[in-house]
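Here is the structure we will look at, set down as structure tokens.
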Amino acid sequence: MIEQTLSLPCGHTLANRLCKAATTEGLADPKGRATAAHQRLYSTWAKGGAAMLLSGNIMIDRRYLERAGNVVVEDGSGIDALNAWAEAAHVGDSQLWAQISHPGRQCPRLVNLTPLAPSPVQLAVAGNFGKPRAATETDIQDIIARFARTAGVLKDAGFDGVQIHAAHGYLLSQFLSPRTNRRTDRWGGTLANRASLLLEVVRAVRADVGADYPISVKLNSSDFVQGGFTLEECIQVVGWLSEAGIDLLEVSGGTYEQLEFFKAHDPDEIRDSTRQREVMFLKYAASIKVAANMPVMVTGGFRTLAGMEAALQQGQTDLIGLARPFCLDPDLPARMLAGTLAALPVPEDRLVLGKGWWGPNSTSSTMRAFNNQAQAGWYYHQIERLGDGLAPQPELSPWRALLGHFRRDFGRAMARKRAWSQRPQAADLAS
Ligand SMILES: Cc1cc2nc3c(=O)[nH]c(=O)nc-3n(C[C@H](O)[C@H](O)[C@H](O)COP(=O)(O)O)c2cc1C
């Protein structure tokens, strides 16, 4: 089954069923433009034979990033670099889709001390996030227009599709959740009101890119936090997205408060959790698919060919989304399609800082956050190496990964601040 093509409602066809899910790169220049490292990274992945490569978060507003080092697309000023990126990824049958995103309150202090969110509900994770201000009606109209403009520029730059990020606790996901959306106007309260920003964004993007251009939405099956977005609500929103007309739904789950899609596990619990991880959101996908009139991609935990084939054959998903495995095995699709690779390594099982107070089950929420950051930093390091044209470095220790990640993120944030505080250079005015 993984070798079968898949037709999308807009008329596009994907060459097989294996896709690289979004992985934030952190490789942009200080002004948020794509670089030669993006070209090397995605050309390496494209040579691996995936049907579709999703970019990491591409931000619609340079004031609000998921992390310094994100690509930002607000207008056509960086289009040459985007075009070079898209061309580099067009090797073989691979398509390059852009994930477009606004972080909402999940914007670190190093980027902005006062993020923008549905309501002033602060994210308490390791003191890393400032208290957000509530978006005004003008901000909300600006956000809708920005999503559409960013999608239009990426289409012009040669990207094959866009994905609107409405999962993982980012801005659109915050609007969906009653835990973070406390508004009493038309954007808050009932589920219909909370979902209206996502649906308005889909409409605006569709109006900009046209009927024959692929649009995907990444949505949480559940936030997995008390008072958050639930599976029942997800199923209703998927019904509305079906009416709105999108081409692919990606199913994930969790937010920064509960990193369900990407959290460190205590090594002692791994044996049990390994089996569960293989089907991380699959058990929800069956009920979500009933409401979906578009193909569905489930991402999170697929690690064996047998597990992928079974999920496709049982109709639980139409596409297999994989993120972490691509950072170590960029050519995994070719080898799985050839039948020479049956199981992917699971390095995340040992990417913890320790056990007990040091471990992922620590009573300290800061230590839990550090363990998750160590894992993230480890994968960022592998992505950077691929971007530099180097082989991955699986022996890297989680402690080194954590320290390297903090150091590089701080350096990038300072470089960004310097770049935007300088007077415009002749090169910037010309571009
Ligand atoms: C290094 C890294 C960066 C990620 N960046 C993004 C991102 O930019 N956008 C997104 O939606 N998910 C992001 N994710 C989550 C993945 O897309 C995926 O949902 C998650 O890793 C689970 O899939 P996996 O088990 O195949 O890794 C990232 C994951 C990793 C490991």
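What pairs in Lys131/Lys289; Lys131/Lys417; Lys20/Lys131; Lys218/Lys289; Lys20/Lys289; Lys20/Lys355 have C-alpha atoms more than 25 Å from each other?
Values: Lys131/Lys289 37 Å; Lys131/Lys417 20 Å; Lys20/Lys131 33 Å; Lys218/Lys289 14 Å; Lys20/Lys289 21 Å; Lys20/Lys355 31 Å.
Table pairs above 25 Å Cα-Cα are Lys131/Lys289; Lys20/Lys131; Lys20/Lys355.
Pairs of Cα atoms nearer than 8 Å and 6+ residues apart set the relative contact order; for the stretch 125-229 it is 35 percent. Here the chain is scanned for GluC sites (Glu not before Pro) in DSSP loops (not H, G, I, E, B) that have at most 15 other Cβ atoms within 10 Å, and the longest stretch holding none of them is 4-394. Volume of the convex hull of the chain (Cα atoms only), normalised per residue: 128 Å³. Mind telling me which of Ser287, Ser94, Ser43 comes out most flexible in a GNM of the chain, alpha-carbon contacts under 10 Å? Taking springs between Cα atoms under 10 Å, the residue moving most is Ser287. Between Ala192 and Asp266, the C-beta separation translates, for a Förster distance of 30 Å, into a calculated FRET efficiency of about 0.15. Of Thr180, Thr299, Thr35, the residue with the greatest mean-square motion in the GNM of the chain, using alpha carbon springs below 10 Å, is Thr35. Relative contact order of the stretch 6-347, taken over Cα pairs closer than 8 Å and 6 or more residues apart, is 16 percent.
Roughly speaking, what is the stretch gain from Trp358 to Thr136, that is 0.36 nm per residue apart minus the C-alpha to C-alpha distance, in nm to one decimal? Could the numbers behind the result be given before it?
Details: separation 222, 0.36 × 222 = 79.92 nm, distance 4.14 nm.
Gain on extension, Trp358 to Thr136, equals 75.8 nm.
Residue separation of Arg182 and Gln4 scaled by 0.36 nm, minus their Cα-Cα distance, works out to 59.6 nm of gained length. Label separation (Ala391 vs Glu87): 3.1 nm, computed from points 7 Å beyond Cα along the C-beta direction. Over the chain, dividing the summed -39,500 (n - 2.57) contributions of all DSSP H runs of at least 4 residues by the number of residues returns a 222 nm mean residue ellipticity of -12500 deg cm²/dmol. Measuring how big the stretch 18-87 is from its alpha-carbon positions, Rg and Dmax come out at 11.8, 35 Å. Modelled spin-label separation between Ala306 and Asn128, with each label point placed 7 Å from Cα along the Cα-to-Cβ direction: 3.6 nm. Measuring between their Cα centroids, the stretch 113-139 and the stretch 341-383 lie 27 Å from each other.
Only the coordinates and a few stated rules stand behind these numbers; no lab work does. This one's a predicted model, so the numbers in the text were calculated from it and none came from an experiment. All Cβ positions, glycine included, derive from the backbone under ideal geometry; neighbour counts span all protein chains shown.
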